[in-house]
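Comments concern the structure below.
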Amino acid sequence: MCEAQPQRPLLAFRARAADTGRMPPNTSPDTNPLELARQLANVARLGTIAAVDLGTARCRVKTGDNETDWLPWFTGRAAGEKGSQWWPPVKGEQCMVLATGGDMGQGCVLLGVYSDRMAAPSKQADTCRTQFSKQDYSETAKGEHLLHLDKRVRFEVAEGCSITMEGDNITLQAGSTTLSIGPAQITANVDVIAQGISLVNHPHKGVQKGQALTEGPVPA
């Protein structure tokens, strides 16, 4: 894995009218070899994220001794409610600026270049791993999938169903019904029916007055 190598400074000069006298005959600023070299050098430049503006989804990139203007970054999808992904870059992340025609003002930032500072999350050939934070990750390896989150997991359906896993407790919500599974007990706010037997309203057979214990419950 490679750290961003020192970049040549952005060649910011552009042929001016006053310079045309030193150009070969019939040479315009657009065909000046120095300008063409500048554009070619700026088509693709390796750098690192210098700043991120979450409100506008733009970032600045430090490349060589220069820093770009605010540029958009590539993402998996960008179709709004019809399909989009939000995973902003972080300061120090290695990236590449792709600039059409070498115009850095029109560049877009391509994320996803490992560096010594921000290394790959795995070294295994048969592993697919997404690292969300130091503690949180999703990993598929050898036919097994693991989602590890440090605090809480919640699955939710718009109609009012959800499953929440937090600490040593699991809560299932279905409309107004709640089932909570903890380390010492299971609680519910509705009756529970097991093999046709009501937990709340089941009768008992073989009941005798006195100290005798009842027999097992029977279906209602």
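The values are calculated or read from the model by the stated rules, or taken from the named source; none is laboratory data. Only a predicted model underlies this, so the values are computations on that prediction, with no experimental measurement involved. In this analysis, Cβ positions are derived from the backbone assuming ideal geometry, glycine residues included, and neighbour counts consider all displayed protein chains.
Scanning the range 40-61 turns up one or more residues that are more than 30 Å from the chain's Cα centre (by Cα) and either among the small types (Gly, Ala, Ser) or at pLDDT 85 or above (or both). Residues of the range 137-147 include none that is surrounded by 10 or more Cβ atoms within 10 Å (Cβ to Cβ), outside any strand (DSSP E or B) and either of a type in the set (Phe, Trp, Tyr) or outside the structural domain of Ala44 (by TED's automatic domain parsing) (or both). Arg154 passes every criterion in (1) under 25 Å from Pro89 (Cβ atoms); (2) surrounded by 11 or more Cβ atoms within 10 Å (Cβ to Cβ) apart from (1). Scanning the range 92-107 for residues that are part of a strand (DSSP E or B) and either outside the structural domain of Thr63 (by TED's automatic domain parsing) or not hydrophobic (A, V, I, L, M, F, W, C) (or both) returns a single hit, Gln94. If you go through the range 78-116 and pick out every residue that is exposed (fewer than 12 other Cβ atoms within 10 Å of the Cβ), under 27 Å from Thr68 (Cα atoms) and among the charged types (D, E, K, R), you end up with 2.
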